[in-house]
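Please read the structure below before turning to the comments.
The values are calculated or read from the model by the stated rules, or taken from the named source; none is laboratory data. Bear in mind that the values here come from a model prediction, so they are computed numbers and not experimental data. Neighbour counts are summed over all protein chains in view; Cβ atoms, including those assigned to glycine, are modelled from backbone coordinates with ideal geometry. All accessible areas refer to the heavy atoms of the entire protein, side chains included, with ligands and DNA or RNA removed. Shrake-Rupley method; radii C 1.70, N 1.55, O 1.52, S 1.80 Å.
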Amino acid sequence: MNWKQLISAKRFGMEEFHEERQENRSEFQRDYDRLIFSAPFRRLQNKTQVFPLPGSVFVHNRLTHSLEVASVGRSLGDDVAKALLERHPELQDSFLPEIGSIVSAACLAHDLGNPPFGHSGEKAISTFFSEGKGVRLKEKQPNGEQLSPMEWEDLTHFEGNANAFRILTHQFEGRRKGGFVLTYTTLASIVKYPFSSSLAGTKSKFGFFVSEEESFQKIATELGLTLLNEHPLKYARHPLVYLVEAADDICYQMMDIEDAYKLKILTTEETKELLMTYFSEERQEHLRKTFLIVNDVNEQIAYLRSSVIGLLIRECTRVFLDHEQEILSGTFEGSLIKRIAERPAAAYKHSVEVSINKIYRSRDVLDIELAGFRIISTLLELMIDAVTSPEKAYSKLLIDRVSSQYNINSPVLYERIQAVLDYISGMTDV
């Protein structure tokens with residue numbers, strides 16, 4: 001893969017139009033602004049990140065998380081772009097200097113496809129089909145309709161990342177077609193798993209549904225993404241995906257710890273100790289001296305957190321640059337965060353262990369996941385029954401409740417089910 005082809009300002013869905021604009025914003029900055037002002041992005045403010053939506057303590061929701069990831073992503077992208085331009089001065093007139101803007105826009109969009117109630121929402125959808133009342137849809141229906149094996153894989157491995165790609169490339173129906181119409185490169189930069197659900201394996205991770213295969217192939221061909229193992233539906237990641245993923249890895253780990261501290265799940269000393277272990281003894285001593293000046297405990301935690309984020313940005317930038325050729329050839333494996341230096345890597349691993357044991361299994365987190373599981377399962381049962389038996393009186397009421405932008409009356413079973421999933425995953429916790 002090569003940088004000149006990988007970064008394109010062509011817009012998905014507007015290929016036949018080219019409009020000259022008299023403004024200072026780049027095409028990628030316009031992507032960022034389109035996302036910020038969109039309804040799906042605003043709805044993230046009422047979607048759980050990890051902890052239940054706030055009472056008296058304001059913890060992160062999907063919106064604040066996405067904004068912070070975009071901020072870290074811009075820093076990563078700017079640092080990488082600066083170093084790459086020094087390494088490849090012949091690319092000065094390309095779009096390479098825009099990497100920071102592209103990564104920040106992709107970071108804003110990376111969680112758009114996640115349903116309500118955090119990761120339990122995804123699980124509720126997939127298990128409804130794999131082991132819940134949706135199992136009946138695997139077989140041929142009384143009216144002769146039947147899902148293909150790949151369509152069934154989509155449903156039983158429902159994935160928020162693939163759903164985000166669907167939202168961003170979907171041309172909504174209505175009086176006129178519309179959508180995000182983002183650049184090819186921003187779209188490619190959010191797809192962490194650039195292959196179909198049939199190749200998801202045991203991890204249940206994939207990048208696009210059957211309905212968006214053609215869209216992704218079109219983007220991949222335009223940008224020159226490498227096909228892996230000559231499989232028509234498995235590609236190497238776009239290089240900027242690694243930066244989007246790193247920004248997400250950095251933010252959710254650091255901010256979950258800070259939220260746990262605010263909610264008194266972690267004590268002040270536990271939190272400080274977790275964050276201090278990222279640094280050398282010399283740096284730790286400097287941080288302790290800073291605490292003599294900044295004596296507010298909350299500010300001390302915030303300063304430590306920002307220091308760790310800065311360290312992880314530098315480390316992930318270094319890993320990306322050290323492995324540029326592997327990334328471009330599609331042979332780099334794993335994430336950037338897994339290749340950072342030994343001390344911060346050990347500290348990060350310990351932070352993950354503490355998060356799993358103390359945070360993600362805390363009573364409040366489990367309660368919202370259980371409630372969300374029940375709510376989504378109930379909604380799915382009602383709506384799926386409505387679209388498979390639309391002749392029933394109650395079905396008609398439910399179908400009429402769905403906005404016209406969703407293809408809820410499609411003659412194709414898979415498309416009707418997807419319309420239900422679009423509708424429910426677009427809801428907020430509230």
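Using only Cα atoms, tell me the angle between helix 27-36 and the longest principal axis of the chain; keep it within 0 to 90° and round to the nearest 10.
70 degrees
First select every other residue whose beta carbon is under 10 angstrom from the beta carbon of Ser196; then total the charges, Lys and Arg +1, Asp and Glu -1.
-3
Just Leu168, Leu240, Leu379 to compare: in a GNM of the chain, with alpha carbon springs under 10 Å, which one fluctuates most?
Checking each option, the largest mean-square fluctuation is seen for Leu379.
Kindly write out, for the stretch 78-93 in residue order, the coupling ³J(HN,Hα) from the Karplus curve 6.51 cos²θ - 1.76 cosθ + 1.60 (θ = phi - 60°), rounded to whole Hz, with x marking Gly and Pro.
Karplus values, whole Hz, x for Gly and Pro: 5, 5, 5, 4, 4, 5, 5, 5, 5, 6, 10, x, 5, 9, 4, 8.
If you only keep lysine pairs separated by 8 or more in sequence, or across chains, how many in the stretch 94-215 come under 14 Å at the Cα atoms?
So the count works out to 4.
Which GluC sites (Glu not before Pro) from the stretch 205-301 combine a DSSP loop assignment with at most 16 other Cβ atoms within 10 Å?
Sparse-neighbourhood loop GluC sites (Glu not before Pro): Glu230.
Name the long-range amide H neighbours of Lys234: under 5 Å, sequence gap of 5 or more, or other chain; modelled H, no Pro or chain starts.
Leu228
Hey, if we sort Arg283, Arg11 by accessible area with the 1.4 Å probe, largest down, what's the order?
Listed by decreasing accessible area, they come as Arg283, Arg11.
So how tilted is helix 342-354 from the main axis of the chain? Cα-based, degrees 0 to 90, rounded to 10.
50 degrees
In whole Hz and in residue order, list the ³J(HN,Hα) couplings for the stretch 419-425 that follow from phi through the Karplus curve 6.51 cos²θ - 1.76 cosθ + 1.60, θ = phi - 60°; x for Gly and Pro.
For the stretch 419-425, the Karplus curve yields 4, 4, 5, 4, 5, 6, 5 Hz.
Tally Lys and Arg at +1 and Asp and Glu at -1 over the other residues with C-beta under 14 Å from the C-beta of Val294: what net charge comes out?
+2
Which percent of the accessible heavy-atom area of the chain goes to carbon and sulfur, probe 1.4 angstrom?
Here it works out to 51 percent.
Report, in deg cm²/dmol and to the nearest 500, the calculated mean residue ellipticity at 222 nm for the chain, where each DSSP H run with n ≥ 4 adds -39500 (n - 2.57) and the sum is divided by the residue count.
-17500 deg cm²/dmol
Pulled fully out, how much extra length does the chain show between Val352 and Ala371, if you take 0.36 nm times their separation in residues and subtract their Cα-Cα distance?
4.4 nm
In terms of the Cα gyration tensor, with a ≥ b ≥ c the square roots of its eigenvalues, is the stretch 224-293 rounded because a/c is under 1.5, prolate because a/b exceeds b/c, or oblate?
Note, shape of the stretch 224-293 comes out prolate.
Convert each backbone phi in the stretch 105-115 into a coupling constant with the Karplus relation 6.51 cos²θ - 1.76 cosθ + 1.60 (shift: θ = phi - 60°), then list the ³J(HN,Hα) values in order as whole Hz, x for Gly and Pro.
These are the phi-based 3J(HN,Hα) values: 5, 4, 5, 4, 8, 5, 10, 4, x, 6, x Hz.
What is the log10 of I(q)/I(0) for the stretch 293-362, computed with the Debye formula using one identical point scatterer on each Cα and no solvent, at q = 0.27, 0.28 Å⁻¹?
Normalising to I(0) and taking log10 leaves -1.14, -1.16.
By the gyration tensor of its Cα atoms, with a ≥ b ≥ c the square roots of the eigenvalues, what is the shape of the stretch 251-404: rounded for a/c under 1.5, prolate for a/b over b/c, or oblate?
Oblate shape, in that a/c is at least 1.5 and b/c is the bigger or equal ratio.
Rounded to the nearest 10 degrees, what's the angle between the helix 281-293 long axis and the longest principal axis of the chain, both from Cα atoms, 0 to 90?
Approximately 90 degrees, to the nearest 10.
Sum up the charges of everything whose Cβ sits under 14 Å from the Cβ of Leu413, counting Lys and Arg as +1 and Asp and Glu as -1, but leave Leu413 out.
-2
Name the trypsin sites (Lys or Arg not before Pro) in the stretch 299-380 that are in a loop by DSSP and that have at most 15 other C-beta atoms within 10 Å, would you?
Those satisfying the criteria are Arg361.
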